[in-house]
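Chemist: Would you mind keeping the following structure in view while I ask a few things?
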Amino acid sequence: MLDMNYQAILDHIYTDIQPQIGVGKVASYIPELAKVSPAHFGMAIVDLHGNVYAVGDANTVFSIQSISKLFALTLAFHLQGDAIWLRVGREPSGNPFNSLVQLEREAGKPRNPFINAGALVVTDMLCTRFTHAENALLQFIRKISHNPDIGFDEAVAKSERNTSDRNSAMAHFMKSFGNLHNPVEAVLDAYCKHCAITMTATDLARAVTFLANGGALPWNGDAVLDKSSAKRLSALMLTCGTYDAAGDFAFRVGLPAKSGVGGGIVAVMPGECGICVWSPALEETGNSHAGSLALEMLTNLTGRSIF
Ligand code: GLU
């Protein structure tokens, strides 16, 4: 691949994106998240040689929220391989991320690991494997982002836990079908802590470089996943990673990605780099408005996507 001047491209995006920053709404259904200013924008690219390119608030920590679903899935997939697909599917849901409607028809097996029901099942797998699933995931994230200082935002975790009636309903429902093995309260505790992990855009861009590198950490070659599993995970990101807008996102951006209601989006350019953009004001779909546009600009300006 020809070398790209990623810093110049990010600078260009940062200038052009300014009028879009703050357009949309900051998530407020978790009260603590509503306190975040919509005026933030940060974007980072980490290439496979470890070079970091960044603009704006790329080094400000934010709540990773549903991006944690990608890391929880990676860890469960690493530990259990294809057995996980007996309990969670691999199809887009065509429904909101916290919807309950499909679960009854589909006997408590969530459509995919990136909707809340699917992530609760994945968290349940981690709860079976570890005494403290939240700490196990945190350690794993610290390792793949090469940053031992990553931690939880306890206020966000508490705020989400206090307002988790819907996730609780989902978890109980799946338990009634036998698809949750641990106590609902324990799974919810771990899940809310996972969502409340805070990272910077730079941390997150680095944390997905293994996916751009065939499953191996670029700095030491350690395999997080084998090549085929990394490909499959990236495929799931493309089809299910950006809420019920994944089709439109693939059309506009053309990269595997995972978003969260904290306003972060991670994306992977295979063979090249990990990317993360953060801007808290969201579109109706739950994806960051300025973040989605910035990623669209990136693939337009570089001419690179997976297509
Ligand atoms: N913690 C959030 C919830 O379960 C995650 C939402 C998200 O980022 O999609 O509602």
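The values are calculated or read from the model by the stated rules, or taken from the named source; none is laboratory data. Computed from a predicted model, the values in this text were never measured in an experiment. We place every Cβ from the backbone using ideal geometry, glycine too, and count neighbours over all the protein chains shown. Note: areas computed on protein heavy atoms with side chains; ligands, DNA, RNA excluded. Shrake-Rupley method; radii C 1.70, N 1.55, O 1.52, S 1.80 Å.
Chemist: Restricting attention to region 156-210, report how many residues are touching a strand residue (DSSP E or B) at 6+ places or on another chain (Cβ under 8 Å) and either within 15 Å of the ligand (Cβ to nearest atom) or not in a helix (DSSP H, G or I) (or both).
Modeler: Number satisfying all stated conditions: 10.
Chemist: Can you confirm whether residue 220 is open to solvent by 10 Å² or more (accessible area, probe 1.4 Å), more than 16 Å from the chain's Cα centre (by Cα) and in contact (Cβ under 8 Å) with a residue 12 or more places away in the chain?
Modeler: Spelling it out, it is not the case that residue 220 is open to solvent by 10 Å² or more (accessible area, probe 1.4 Å), more than 16 Å from the chain's Cα centre (by Cα) and in contact (Cβ under 8 Å) with a residue 12 or more places away in the chain.
Chemist: For region 36-45, give me each residue that is open to solvent by 40 Å² or more (accessible area, probe 1.4 Å) and either in contact (Cβ under 8 Å) with a residue 40 or more places away in the chain or assigned to a strand (DSSP E or B) (or both). Steps first, answer last, please.
Modeler: Within region 36-45, the subset open to solvent by 40 Å² or more (accessible area, probe 1.4 Å) is 36-40.
Selection gives 36, 37, 38, 40.
Chemist: Check residue 244 against each of (1) closer than 20 Å to residue 110 by Cβ; (2) open to solvent by 40 Å² or more (accessible area, probe 1.4 Å); (3) away from the ligand (no atom under 12 Å from the Cβ); (4) part of a helix (DSSP H, G or I) and name the one condition it does not meet.
Modeler: Of (1) closer than 20 Å to residue 110 by Cβ; (2) open to solvent by 40 Å² or more (accessible area, probe 1.4 Å); (3) away from the ligand (no atom under 12 Å from the Cβ); (4) part of a helix (DSSP H, G or I), only one is false for residue 244: (3).
Chemist: Limited to region 128-155, what total is found for residues that are within 16 Å of the ligand (Cβ to nearest atom) and either more than 17 Å from the chain's Cα centre (by Cα) or assigned to a helix (DSSP H, G or I) (or both)?
Modeler: 7
Chemist: Right, something else. Kindly indicate the residue of region 69-94 that is loosely packed, with under 15 Cβ neighbours inside 10 Å and either among the polar types (S, T, N, Q) or on the phi > 0 side of the Ramachandran plot (or both) and also nearest to the chain's Cα centre (by Cα) among those meeting that condition.
Modeler: 94
Chemist: Continuing with the same structure: Restricting the search to region 50-68, which residues are open to solvent by 40 Å² or more (accessible area, probe 1.4 Å), over 22 Å from residue 4 (Cβ atoms) and not hydroxyl-bearing (Ser, Thr, Tyr)?
Modeler: Passing the criteria: 57, 61.
Chemist: Only one residue in 33, 75, 48 is in contact (Cβ under 8 Å) with a residue 24 or more places away in the chain and within 21 Å of residue 160 (Cα to Cα), so which one is that?
Modeler: Checking each option against the conditions leaves just 33.
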